[in-house]
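Visitor: Quick one: structure below, then a few questions.
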There are 4 protein chains.
Amino acid sequence: MIRGLTKAGLGKIESDEQYITDAAKYGFQSVDLNPLSLVQQYGKEQAAHLLESNDIIIGSADFTVDWRNSEEQFREGLKSLVEMAEASASLNCFNCCTYVLPSTDQPAAPFMAAATRRLRLCADILGAYGMRLGLEFVGCHHLRTQWKNPFIWSVEDTLDWIETIHAPNVGLLVDSYHWHTLGLRTEEVLQLKKEQIVHVHINDAYNLPIEELLDNERLYPGEGVIDLSGFLKNLKAIGYTGVVAQEVLAPAPTLNSSELFAKSKEGFDSVFAAI
Amino acid sequence: MIRGLTKAGLGKIESDEQYITDAAKYGFQSVDLNPLSLVQQYGKEQAAHLLESNDIIIGSADFTVDWRNSEEQFREGLKSLVEMAEASASLNCFNCCTYVLPSTDQPAAPFMAAATRRLRLCADILGAYGMRLGLEFVGCHHLRTQWKNPFIWSVEDTLDWIETIHAPNVGLLVDSYHWHTLGLRTEEVLQLKKEQIVHVHINDAYNLPIEELLDNERLYPGEGVIDLSGFLKNLKAIGYTGVVAQEVLAPAPTLNSSELFAKSKEGFDSVFAAI
Amino acid sequence: MIRGLTKAGLGKIESDEQYITDAAKYGFQSVDLNPLSLVQQYGKEQAAHLLESNDIIIGSADFTVDWRNSEEQFREGLKSLVEMAEASASLNCFNCCTYVLPSTDQPAAPFMAAATRRLRLCADILGAYGMRLGLEFVGCHHLRTQWKNPFIWSVEDTLDWIETIHAPNVGLLVDSYHWHTLGLRTEEVLQLKKEQIVHVHINDAYNLPIEELLDNERLYPGEGVIDLSGFLKNLKAIGYTGVVAQEVLAPAPTLNSSELFAKSKEGFDSVFAAI
Amino acid sequence: MIRGLTKAGLGKIESDEQYITDAAKYGFQSVDLNPLSLVQQYGKEQAAHLLESNDIIIGSADFTVDWRNSEEQFREGLKSLVEMAEASASLNCFNCCTYVLPSTDQPAAPFMAAATRRLRLCADILGAYGMRLGLEFVGCHHLRTQWKNPFIWSVEDTLDWIETIHAPNVGLLVDSYHWHTLGLRTEEVLQLKKEQIVHVHINDAYNLPIEELLDNERLYPGEGVIDLSGFLKNLKAIGYTGVVAQEVLAPAPTLNSSELFAKSKEGFDSVFAAI
C-alpha cells in the first residue's frame, strides 16, 4: 500500500510544489490534489517533473463537479471535468473521488434520481480517460440529520447505489473514520473486494461514543481509538495495494505545516509498523 | 385515439373471453389485461383469434414484477416477465405499465436506487421484445403520506426519473385522475410530447378539493368535474393516437357487469363527442 | 416543417453573419452551423441577437468530435463537445448530427465496438444539455467500397445500432439523397416514426442508376429525379415538424453566393409547393 | 486456485452425478455444467447435496442463450437464462461463460452491434442474480477465416468490447490454448487484472506452429508445449484465486472415462506441482 496525504491536517501549505516536496521529505508517496490546477500552474511537463523527481504520485484527483444542486450547476462543472480528467491521466493518476453526504435538503427520492444520472455521466466521462470514480460514504451521525431528509450512508447502500449507477469504473472511497462511525469493526473490511475500492482515507477518532463523533474533529492516525493497524492489515489481506491517504479534518492546528507533516509521518510510521 | 377498458369499473367479469366480447359489444377497441394468462388459458392461437374476431387489441399488458420490495421478490418476477413479454408481443401488444406510489415505508433514497436498477432491467427485457414500459405517476394527496417517506408524484419528477432510468423505451402512463389531483389543467397536456406517453387512463373526479380526492373513489368519465374532453383534445393535439383506457377504481358497484359496460360506453360517447 | 440550409451548396460565404442574414433574406428559417464558433466570434448575446433579429434558428449543431479514429483523437474532441453543447443549448438548438461512413479501413467489428462506446458517451453528454444526436446513414454505393471493410448504411442497421447505443436521445438524420441511393421509395418514409428523426437533409439526384450516384455530385432540390415533394409529404404525414435543410455537396459552382441562395429558394419553393 | 473440469476431455459421462462424484474422486474441486438441468434432474435440494457432499462447486454455468443468430433465437433463450441464473445462484455458482468465434457469416459491423446489445442484456439479467459473464476469446487461426467475415479474437479487442458492453459484471474467460494461439507468452498474463478474469480454462498444444493448431485437437495439461505452470504461476501472481478448468476439445479418445479422469488428474498434478 502507498502512503498518501491529502491537504487536510497539514495546516497552511504555500503551494502544490511545497505540498509535493514536503510529502516526499516526510516519507510519503502520494498526494491528493487537483491535477488540472497543478498543470495550469506549472505546465504539464513541469508538473510531471515535480512529481517524478520527488517520487510522488497523485493518489486521487479532486472531483470538482457540483452534482448536489441544480442541473445548471452540474453542467457548469462538466467542462472542467473533461479538462481535469485529461490532466490527471497525463500525470498517471486514474482515481477521482467525491463524498456522499448522508442527508440533504432536497426531497430524497428525486435527489437520488438526479445524483444517479449525474454521477453516471461523470463516471462515463472519466472512463474515457481510464479513470475510476470513488464514492465516499459518510458515517458521522450528526450529518445524518444535518439536513432535512436522510440520504444514504451505509456501505451496503453505497454498493447498491454503485450497482444502480451501473458504470464499471465506480467504487468506494473507504475512510477509516466513517467506517468507525458506522459501527463497523476492522475485520469487516475483509468482506470488501479489492476491486470495489478506489481509494482509502485514514484518520483517527476520539474515545467517544460513535454517535458523538464530529466530522470535523478527527485525530491523526495513531492518536485515537480506531484500530488502524487492523484496518490496514485487512485491506492488505484482501489484496488492496493502492493509496492510503491521511485526511484529518479538524479545527485549525497550533502546529505549523512542517510540524504537521512530521506528526503525520509519525502517525503513519506507527500504524504501518504493525502490518 | 383508441377507446379502451381496464377491468376497473366493470364489476365482476367472468372470464377474459367475456371481457373481450363485451368490450367489443359496447364499442370499445382495446382491453388492458395479462397477455400471459390469456395465452395460458386459451392457447396462443385461440387468444389471437379471440382478439381479432372481436376487433379488440390489448391496450397495455399487466406488469407483474414486484419491484417495490426485496431483491428476492423482484427476481421472482423476472421469469414471468420474459414469458409475459413473449406472449404480449405475439399478440401485438407492445405496451406494459406499472404505477409509482407516492410514498414508501422504505428509506426513500435507497429505494429510489433499487427501483431505478430494477425498472431499468425490466425495461431492457421488455425492449428485447419491442415493448415499452409506462410509469404511472400517482397524484392522490392521501397516498403521499400513506407510508412513512415521500417518494415522487409530479410529472416533472417522473420524467426526470425516466431520464435516469435511461432506457429508450420508458415513458409515462398519464391518468386523468392523477393529472387532476396534481392540480394540472388540461391545457398543460400540451407540454407533453406524444412520444413521452406510453398509455392513457381516463376517469373522473368528485367535485371536491383535490386534496380530498381518494384514489379508490373515482367516477366514470363524464360523471365528474374533470374536463375530459379538453384532456382528450389536447392529447390529440400533440399527436397521441394510442389507447385511452377507462380505469374506475371505486367501491363495489350496485350495477351488474353489463350495466357497467353500458355506463362506460355512455361516458366515453359523451367525452369523446366533443373532440 | 422548417426550411433550412447547410453551407453546402451556397458557394463562398463570407461569415456566419452573412449566412444568417442571407438565409432570412431568401426565406429560410434555419441554418446548420457550429454554435460554439458562432458564440466565440460574436459573443453569446450578439449571436442570439443575430439569430432572433433574422427569425433564424439553428437547425443542427456541427458535431466536431472525431469518433472514427484513435482514442486520443476522440478524447481530444470531448472538451469542445461540452462547450459546443453549452453554446448550442444557450441558442436554443437541441440537435446535433454526425454522418456514418459505410466503409472503414479499420477492422469492422472492433471499430463498431469503439464507435458504439464513443457515440454513447457523446450522446450522454449532449443529453445533459437536452440535446439529441442524429446519425446520418450514407447510402452512396461507391462509398461502401471506398475503404477496406464494409460498415453499415441501411436504415434498418442504423436503427439497430441506435438501439445498441441505448441512449434515449439518439435518432436518425434522414437525407433524401441517401434515401434514394438505398433504393427506398418516398412512401417508405411512412414506416419511420417521427420521434426517430432528429434532422432531415434534402437534395436531389441526377437521372442515373443509383449505383452510379456520387456523394459529391448532388443537385439542388427540384433539379433531379427524387420525388422530394413526396418525401416531404410523407415526413409531414408521420408528424415530423422539424427542420428540412438543403445540403448540396457538389463541385465548385459557377454562380456566386447570392445566386446560389436564390437558386436554393427556388428549389424549396417548388418542392414545398406541392405538399 | 481451484482445480476444475469441464466435460470436454472426459469421454462419455453417464450422468451429472457420475461427473460430480468422479471429479471428487480424482481430486478436482469444481465442474462446469448446466445448473438448470442439474436442478431439473435432481431437484434443488438433492443437487445441492450432490455438490456439497462431494466438496465440489460449479465452476461456470453453461450459457445457453443463442446470441449469434436471429433476434427470435436470441429471445427464445432469455427465458431459460433467467431460470438458469436462479438455479445457478441457488447452487452458489456466480459465473457463466460464452465463447466468441473469431469470424462470422454475418456482416461484421451489424453483428457486433447486435451482439453488444444482446450480451449486455444477458449480463444485466445475470447481474440481478449476482452473476458474472465471461467472454472467451478464441485465438485459433483456422477459425479466423472459417466464416466469411473476421470478428474479434485478441485480448485487447475483447477487453475493448467489454468496455463497450458497459456492464460491470462482464470479464474474460482466459483459455491457455487460445492464449498460446494468439502468440502470447505466459508472462503477459501479468498484464491482466485479477478482476478482469471470470474463469480460466487450461489445456495443452501440440508442438506445431501456432498457425496450424486446430481448435479441436488439444492435449491434456502437461502433454504439450504450453508452459502451463508459468501460466498458472502468473495467474496466481495477479491474485487470481478462482477456478482453473480443463477443457480438452479433441477427437474421440480411446481411453474410457475413468482413465480420462485419471489422466486429467495426472496432468493437473504435474502442472500445479511447479507453482
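The values are calculated or read from the model by the stated rules, or taken from the named source; none is laboratory data. In this text, all values refer to a predicted model and were calculated from it rather than measured experimentally. When we count neighbours, we look across all protein chains shown, and the Cβ atoms used for this are built from the backbone with ideal geometry, even at glycine. Please note that ligands, DNA and RNA were not included when accessible areas were found on the heavy atoms of the full protein model with its side chains. Shrake-Rupley method; radii C 1.70, N 1.55, O 1.52, S 1.80 Å.
Visitor: How big is the accessible area of C:THR21 in square angstrom, nearest 10, if you roll a 1.4 angstrom probe over the protein chains?
Guide: Near enough 50 Å² of accessible area.
Visitor: Which pairs in the list D:LYS7/D:LYS263; A:LYS79/A:LYS193; C:LYS12/C:LYS263; D:LYS44/D:LYS79 are over 22 Å apart, alpha-carbon to alpha-carbon? Don't skip to the answer; put the middle values down first.
Guide: Numbers: D:LYS7/D:LYS263 14 Å; A:LYS79/A:LYS193 33 Å; C:LYS12/C:LYS263 15 Å; D:LYS44/D:LYS79 19 Å.
Table pairs above 22 Å Cα-Cα are A:LYS79/A:LYS193.
Visitor: One decimal, nm, shortest first: give the distances between the label point of C:THR21 and those of the same position in the other copies, each label point 7 Å from Cα along Cα→Cβ.
Guide: 5.8, 7.6, 9.4
Visitor: Near the amide H of C:GLY59, under 5 Å away, which other amide H atoms are found, from residues 5 or more places off or on another chain, if H is placed in the peptide plane?
Guide: C:VAL31, C:ASP32, C:LEU33
Visitor: Within 10 Å, at most 11 other Cβ atoms, and a DSSP state outside H, G, I, E, B define an exposed site. Report the longest part of chain B free of exposed trypsin sites (Lys or Arg not before Pro).
Guide: B:13-147
Visitor: Here is a follow-up. At 18 Å minimum axial length over the Cα atoms and a Kyte-Doolittle cut of 0.0, report the qualifying DSSP H helices in chain D, or say none.
Guide: Within chain D the helices that satisfy the rule are D:108-127.
Visitor: Now, a different point. Measuring nothing but label to label, 7 Å from Cα along Cα→Cβ, what are C:GLU212's distances to the other copies in nm, shortest first?
Guide: Values, ascending and in nm: 5.3, 8.1, 9.3.
Visitor: Can you list the HN-Hα couplings for the stretch A:205-213, worked out from phi with the Karplus curve (6.51, -1.76, 1.60; θ = phi - 60°), rounded to whole Hz and with x for Gly and Pro?
Guide: Residue by residue, the stretch A:205-213 yields 10, 4, 7, 9, x, 4, 5, 9, 6 Hz.
Visitor: Tell me which residues come under 5 Å, amide H to amide H, from D:ILE197 once H is placed; ignore anything under 5 positions away on its chain.
Guide: Sorted by chain and number, the residues that satisfy this are D:LEU172.
Visitor: Let me ask you something else. Give me a comma-separated list of calculated 3J(HN,Hα) values for the stretch C:191-201, in order, Karplus coefficients 6.51, -1.76, 1.60 applied at θ = phi - 60°, integers in Hz, x for any Gly or Pro.
Guide: Coupling constants for the stretch C:191-201: 7, 7, 9, 3, 6, 7, 9, 8, 7, 10, 10 Hz.
Visitor: Let me ask something additional. Which of the aspartates and glutamates could be linked to C:LYS236 by a straight reach, that is with a Cα gap under 14 Å, when you skip same-chain ones fewer than 8 residues away?
Guide: C:LYS236 reaches C:GLU187, C:GLU188, C:GLU195.
Visitor: Now for a separate question. Pull up all non-local amide H partners of D:GLY134: gap of 5 or more, or a different chain, and H-to-H distance under 5 Å with H placed in the peptide plane.
Guide: Those lying under 5 Å, H to H, from D:GLY134 are D:CYS96, D:CYS97, D:THR98, D:GLY171.
Visitor: Taking 25 Å as R0, compute the FRET efficiency from the Cβ-Cβ separation of C:SER53 and C:LYS12 and round it to 0.05.
Guide: In this case the efficiency is close to 0.55.
Visitor: Applying the Karplus parametrisation 6.51 cos²θ - 1.76 cosθ + 1.60 with θ = phi - 60° to the phi angles of the stretch B:173-182, what ³J(HN,Hα) value in whole Hz is obtained for each residue in order, glycine and proline being reported as x?
Guide: 9, 9, 10, 4, 5, 5, 3, 5, 5, 7
Visitor: Given the C-alpha centroids of the stretch D:90-120 and the stretch B:162-189, what is the distance between them in whole angstrom?
Guide: First find each Cα centre; the distance between them is then 37 Å.
Visitor: Return one whole number: the accessible area per residue of the protein assembly as shown in Å², for a 1.4 Å probe. Could the numbers behind the result be given before it?
Guide: Details: 41880 Å² over 1100 residues.
Per residue, the protein assembly as shown has 38 Å² of solvent-accessible surface.
Visitor: Let me ask something else about it. May I ask you to report, in nm to one decimal and beginning with the shortest, the distances from A:SER270 to the same position in the other copies, taking label points 7 Å along Cα-to-Cβ?
Guide: Once sorted, the set of distances for A:SER270 reads 5.8, 8.3, 9.0 nm.
Visitor: Just the number, please: percent antiparallel of the DSSP beta bridges in chain D, rounded to the nearest 5.
Guide: Expressed as a percentage, antiparallel bridges in chain D total about 10.
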